[in-house]
Amino acid sequence: MNGVPAPGDRFVLCVNYWPRRKAMAWWHEFDRAEVAEEFALVADLGLHAVRIFLLWDDFQPEPDAVSGEALRHLVEVADVAADLGLALDVTFFTGHMSGTNWAPRWLLDRTTTPPGGLTVVSRGRTVRGGYRNPYTDPVALEAERLLVERVVGALRDHPAIWLWNLGNEPDIFARPPAATTGADWARTLYAAIRDLDPGHPVTTGLHGGDLVEDVGLRIDQVLGPADVATMHPYSIYADWAVKPLDPDFAPFCAAVTGALARRPVLVEEFGLCTAQPGRATHEVEITVAGRTRRQLMASEEDAAAFVAATLPRLVEVGAVGALIWCFADYDRSLWRRPPLLDARHERFFGLVRPDGSLKPHAEVLRAFAATALIVRPVPPAVRFDFDEDAFYRDPLAMLAPLYAAFRGPGV
């Protein structure tokens, strides 16, 4: 895959990946055969790319050192992907993942409070306290540049590389003290990547929370300088969505993101957690970061219908591609580890069940991939013209009427 798809190019269909038997432990429990088996299934579904995450503590155990072992494993992953014709979206500084924050050991600071009350894990264990701010701490900023230099330097000519990504919903890991700080952070690291590798696009994995609040990582300022805008819109988490399984929600968020960034938009995550096979859609009560809430668990059939309805709408709004969250439900042996101990719904987001069998929405993706749809121009109806500063003064006041109009009367 070469660059950011443009109108007339193939619509890119992809998946976010953690191994079903390793989850976030995979870099230090690495098994190439496991990756090859699971990537082969991704390729068999007709998908085009895989998003992978460089767990920061595994890749950078010291601020001035990058793990040679982790880097070798990353090259092996890229080799497996290339052999199967898959491209990689490589996400740095992970960071926040699945309801837990994974902090490099050298960034820890027990005198601080964990952001959002989320569990903090380092060296595979839950730790007390929080960590220094990675957008302002000088040691962290130098470490970030070093990790970019080593990883991009090793893989810039590899045929599997598609996209360099600065983070996964990074404001949940830590927020910059001001939007100018977040913008400077992104621009600096984009420039560092482009100096090493001008041939591959760059982005940052922002999410729905960045649409409804100025968290210091404004879409216009962080994704405007990128090559492609990304959005992670989850109707199951958004209290402003009209219903948990709204197939218009992700396309609407994609259109707004593209308009704010003035860039083509990739829906880098969307999806839902499913009930056990044979169970109807229902809600469960979960407690994450000390807060209890109701969580929808969709029947496998309702999940398939939701994905089938969402994908063509993404094409219609001019998105360049979509990545489902995520590859697999996790093996029961992982349920007592973070993040699956508390965030129980995260056990069941996969296309693939723990035994390797496919859920119905995996077959929806296979059928959709087989249609070989192309990227369309953004239609006039969603070429929103925002004053970005006015937007971020009260995002929901702007979004609510646009969302209602997008869904149409009586919907």
* Only residues in segment 382-406 that are touching a residue at least 60 places away in the same chain (Cβ under 8 Å) count as the first member; pair them with residues that are open to solvent by less than 80 Å² (accessible area, probe 1.4 Å) and basic (Lys, Arg), Cβ under 8 angstrom, at least 6 apart or cross-chain, and list the lot. => Glu388/Arg218; Tyr392/Arg218
* Structure fact -> Within segment 292-342, of all residues that are out of contact with any helix residue (DSSP H, G or I) (no Cβ under 8 Å at 6 or more places or on another chain) and of a type in the set (Ser, Thr, Tyr), the one least open to solvent (accessible area, probe 1.4 Å) is Ser299
* Could you give me the residue pairs with C-beta distances under 8 Å whose first residue belongs to segment 23-46 and is surrounded by fewer than 16 Cβ atoms within 10 Å (Cβ to Cβ), whose second residue is acidic (Asp, Glu) wherever it lies, and which are 6+ apart or on separate chains? => Arg32/Glu76
* Asked: Can you pull out the residues in segment 81-94 that are open to solvent by less than 10 Å² (accessible area, probe 1.4 Å), more than 14 Å from Ala25 (Cα to Cα) and not acidic (Asp, Glu)?
  -> Ala81, Leu86, Ala87, Leu88, Val90, Thr91, Phe92
* Leading residue by the ranking (surrounded by the fewest Cβ atoms within 10 Å (Cβ to Cβ)) among those in segment 168-190 that are outside any helix (DSSP H, G or I) and aliphatic (A, V, I, L, M) -> Ala178
* Structure fact -> Pairs returned, first residue in segment 315-339 that is at negative phi, second residue that is part of a loop (DSSP other than H, G, I, E, B) and of a type in the set (Val, Ile, Thr), beta-carbon separation under 7 angstrom, 6 or more apart or interchain, are Val317/Val378; Val320/Val4; Val320/Val228; Val320/Val375
* Of residues in segment 112-141 being part of a helix (DSSP H, G or I) and modelled with pLDDT of 95 or more, the one least open to solvent (accessible area, probe 1.4 Å) -> Ala140
* To do: For residues that are within 24 Å of Glu285 (Cβ to Cβ) and touching a strand residue (DSSP E or B) at 6+ places or on another chain (Cβ under 7 Å), tally how many sit in segment 208-231.
  => 0
* **Residue list for segment 95-111, filter: more than 21 Å from the chain's Cα centre (by Cα), open to solvent by 10 Å² or more (accessible area, probe 1.4 Å) and not acidic (Asp, Glu)** => Arg105, Trp106, Leu108, Arg110, Thr111
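The values are calculated or read from the model by the stated rules, or taken from the named source; none is laboratory data. Bear in mind the structure is a predicted one, so any value in this text is a computation, not a measurement. We place every Cβ from the backbone using ideal geometry, glycine too, and count neighbours over all the protein chains shown. Quick note on the areas: whole protein, heavy atoms, side chains included, nothing else; ligands and nucleic acids left out. Shrake-Rupley method; radii C 1.70, N 1.55, O 1.52, S 1.80 Å.
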